[in-house]
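Taking it in order: structure first as structure tokens, then the write-up.
No lab work stands behind these numbers, since they all come straight from the coordinates. Just so we're clear, the structure is a prediction, and the values are computed from it rather than from any experiment. Here the Cβ is made from the backbone with ideal geometry for all residues, glycine too, and neighbour counts use every protein chain on show.
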Amino acid sequence: MLDIKFVRENKDLVANAIRKRHCDFDLEKLLKIDQERKAVLGEVEKLRADQNKASEDITRGSAKEREAALIAMRSLKEILSKKEDELKKLEEGFEKLMLTLPNIPDPSVPEGISEADNVELRKSGEIPKFDFEAKDYVTLLLDLDIADFERGVKVAGFRGYFLKNEGVSLSFGLWQLALEVLVKKGFVPFISPALGRENIFMETCKLPQFREDFYATDDGLFLSPTAEVSMMGYHENEILAESDLPKKYAAFSPCFRKEAGSYGKDERGLFRVHEFMKVEQIILCKAEHQESIRFHEELTRISEEIVGALKLPYRVIINSTGDLPFGAVKMYDIECWVPSENRYRETHSSSIIHDFQTRRLKIRYKGADGKIRFAHSLNNTAIATPRILHSLLEVHQQADGSVLIPEALRKFAGTDIIRPKK
RNA sequence: GGAGGCGUGGCUGAGUGGUUGAAAGCACCAGUCUUGAAAACUGGCAUGCUCGCAAGGGCAUCGGAGGUUCGAAUCCUCCCGCCUCCGCCA
């Protein structure tokens, strides 16, 4: 959520952001309702002040004064209650609009209407050329006997899957590798809840707009699509000391996504599944844009280090304004090379959020100057499984149908090579 | 699942209808004293909104939302959360 004061004072900037994002937010309506709300609030507060004063007279005045004050209070009450109703309606309308006003893209974000307008920033790694007939990763998964989709669907429904054999040790190894990289860099490791209360989803700006993307339980909880939700909730309603910042967390959790509206996309395999595992990087830092920029680059580099250690060719792209999530100021995706599709595909997503989430979460810190500010937050994938296998298996496949495990992963995965079972 | 209890400021904890934004203690900050520290003493110490150039006002907040009342931390209703005991259980 943006700061209404900021919106008032930077109307053009906000209008421009809305235009760039191609969303149909009615800024004039918001500003008008804000103005009305402030005016009525002033009236209400004045009436309440009168009421408080009269109440004091009743307490302390003589019997005569008390009688007069009581009469005055009765009529005052009627007017006040009417005004309060009016205010409540305005507040509700105001809140509703504020919840749907998106964050402001950084000037460095390229303007565009969709993901087609995302811009490549850099590439790394050599795209493999096979002198044999390379398999796609679904074939590899089955030939290596490390996944079972038929039974996955039988048990868990559409997009269901089992991982088995080395598919399991490989997964554990990937999480472990990512965690070790992060812990070495001072990130505090967490296993964070996959279940979250509605308010946490609201405060991390996942609700109200993306409700259809989440699974809900019958007791009113939601299954988290990312550890970002619970990890951001961790400091909800806290005032931290400036010296506590930055907070760096590496959170592992299962993640659940309905993938509503994606029928037909990536139906085969385990690139797009309802249930996956992820190690997520989270940073809370001081409310300075330069700090956010610095940590954003750092988070992105860490993920590049991880995919680099996995010897995967990748590129980093910057998302255009048309492909920028609601709450993000700026976002990079890391995409890893997928030989069978002859293209890079998204495996990581690194975001600057500024105080958009922390304002709702009320995560603040007391600065050296004694002022209390909303912290800035950032997040990025460290590793998401099983998605990463898409690229990993295909890139490292050998002529004999086996898959060579990259050096850095071997000690974590407990194996050097996975051989076909048939 | 059954029964009961509880939710007050950073923490502990008073407060059951009328200057209670809220006693007291702890913690924290500043000062006095001290070579320095501790102790002691003195003072300060919630958040948000709003009016004002400022000084300084005003309003709200005692889990949340309603209600009763001239007036609610205090009474009523609903919701949320937490705790204890029993049962079940990885």
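Some notes on this structure:
- Computed from the C-beta positions of A:GLU95 and A:ASP219, the FRET efficiency with R₀ = 35 Å rounds to 0.85.
- Check: chain A dipole with +1 on Lys, Arg Cβ and -1 on Asp, Glu Cβ, in debye: 700 debye
- Overall Cα dimensions of chain A - principal axes, largest extent first, Å: 102, 43, 42
- Charge dipole of region A:4-99 about the Cα centre (unit charges at C-beta), most positive-ward option of A:ALA68, A:ALA39, A:SER55: A:ALA39
- Amide hydrogen neighbours beyond the local backbone of A:THR347, cut-off 5 Å, H modeled: A:ILE334, A:GLU335, A:CYS336
- The shape of region A:284-340 comes out oblate: with a ≥ b ≥ c from the C-alpha gyration tensor, a/c is at least 1.5 while a/b does not beat b/c.
- Paramagnetic label reach from A:LYS129 (point 7 Å along Cα→Cβ; backbone nitrogen cut-off under 17 Å): within region A:325-363, residues A:339-340, A:342-343.
- Subtracting the Cα-Cα distance of A:GLN209 and A:GLU407 from 0.36 nm times their residue separation leaves 67.0 nm of extension gain.
- Charged side chains reduced to their Cβ positions (Lys and Arg at +1, Asp and Glu at -1) give region A:333-422 a dipole of some 660 debye around its Cα centre.
- Note: relative contact order over region A:115-418, using C-alpha pairs below 8 Å and six or more positions apart, is 25 percent.
- Full-stretch length increase - A:LYS184, A:LYS32 - with 0.36 nm per residue and alpha-carbon distance subtracted: 49.6 nm
- Under 12 Å, Cβ to Cβ, from A:LYS38 - net charge with Lys/Arg +1 and Asp/Glu -1: -1
- Counted residue by residue at 0.36 nm each, then reduced by the alpha carbon distance between them, the extension gain from A:ALA49 to A:ARG272 reaches 74.5 nm.
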